[in-house]
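First the structure, in the form of C-alpha cells, and then the observations on it.
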Amino acid sequence: MKKYILDIFDKTNALSPQNIILHLVVASIIGCFIFLSYRLSHNGSIYSKKFNVSLIMLTVLTATVMTVIGNNIALSLGMVGALSIVRFRTAIKDSRDTVYIFWTIIVGICCGVGDYLVASLGSAIVFILLLAFGRIKNDNRMLLIIRTDRINEQKIEALIFQYFNRKAVMRVKNTTDSSIEFIYELTKKTLDRASLGQKSITDAIYDLGNIEYFNVVMQNDEISS
C-alpha cells in the first residue's frame with residue numbers, strides 16, 4: 001500500500017518536446033482568438049490594449065503550468081500552495097473582463113492537458129455569444145443635483161414631476177435654514193426625451209431664479225482604479 005501511494009505521487013507525465021510545443025502553439029492560437037473577441041466586443045474608453053495582450057500571455061502561461069503539472073499529484077498540490085499566496089490588486093473596469101480572464105484560464109488548462117477539441121469548441125461558442133451580446137450596454141444612470149433657496153422647494157419638485165413624471169426618483173434631499181439640495185436619479189434615455197419638443201430641463205430650472213447650481217452627473221458600472 002505504501003509503495004502504491006508513493007508511486008502515485010512520483011508519477012510524472014513525461015511529454016516529448018513536440019507535444020509541449022503543440023500545447024503552447026494551440027494555446028497561442030486560441031489566445032489570439034480571444035484577443036480578437038475582446039477587441040470586437042469592447043470599444044471606447046473601456047478598451048485596454050495592455051489587458052488584451054495580457055489575455056494571450058495568460059492563456060500560454062496557464063497551458064505551460066498545466067503541461068508541467070501533468071499527472072503529478074505532488075507537484076499540483078505544491079503549485080496550488082504557491083499560487084494561493086498571490087494577491088491581485090488590479091481593478092476590473094468592466095464585468096466582462098472577468099469572463100475573459102476565466103476564458104483564458106480554462107483554455108490554458110484544456111491545452112495544457114491536450115484536450116484541444118474542448119478548448120476549440122468552447123472558445124467558438126463563447127466567441128459567438130460575446131460577439132452577439134458583448135456590445136450590450138446598460139442604460140447609464142443620471143443624477144440631477146440641484147441646490148437652490150428653500151422658497152423654491154415646491155417649485156423644483158413640481159417641475160421635476162412635470163418633466164419626468166415618476167421616472168425621476170429622489171435619492172437625497174438636504175436642507176439648511178436658507179437653502180435646499182435635491183438629488184434625483186433617472187436614466188439617460190428619460191433625460192434625453194425630456195428635452196425634446198420643449199424647453200430643456202436646464203433652462204426651466206434656471207428660470208425659477210435663485211438657483212445656486214444645477215449639475216448633471218452620469219453613473220455607470222465601470223470600477224475606477
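The values are calculated or read from the model by the stated rules, or taken from the named source; none is laboratory data. In this text, all values refer to a predicted model and were calculated from it rather than measured experimentally. Virtual Cβ from ideal backbone geometry, glycine too; neighbours counted across all protein chains shown.
The residues listed here are Leu191, Leu186; of these, the one that is buried (at least 17 other Cβ atoms within 10 Å of the Cβ), out of contact with any Lys or Arg (no Cβ under 8 Å at 6 or more places or on another chain) and farther than 30 Å from Thr59 by Cβ is Leu191.
Scanning region 90-125 for residues that are under 15 Å from the mean Cα position of the chain (by Cα) and in a loop (DSSP other than H, G, I, E, B), we see that the one that is modelled with the lowest pLDDT is Thr90.
Filtered by the rule that a residue be touching a residue at least 40 places away in the same chain (Cβ under 8 Å) and not in a helix (DSSP H, G or I), region 21-62 gives His42, Asn43, Ser48.
Taken together, the residues in region 167-201 that are at pLDDT below 85 and either among the aliphatic types (A, V, I, L, M) or part of a helix (DSSP H, G or I) (or both) amount to 9. Residue pairs whose Cβ atoms lie under 6 Å apart, sitting 6 or more positions apart in sequence or on different chains, and linking a residue in region 164-186 that is within 19 Å of Ile211 (Cα to Cα) to a partner that is of a type in the set (Phe, Trp, Tyr), are Met170/Tyr184; Lys173/Phe182.
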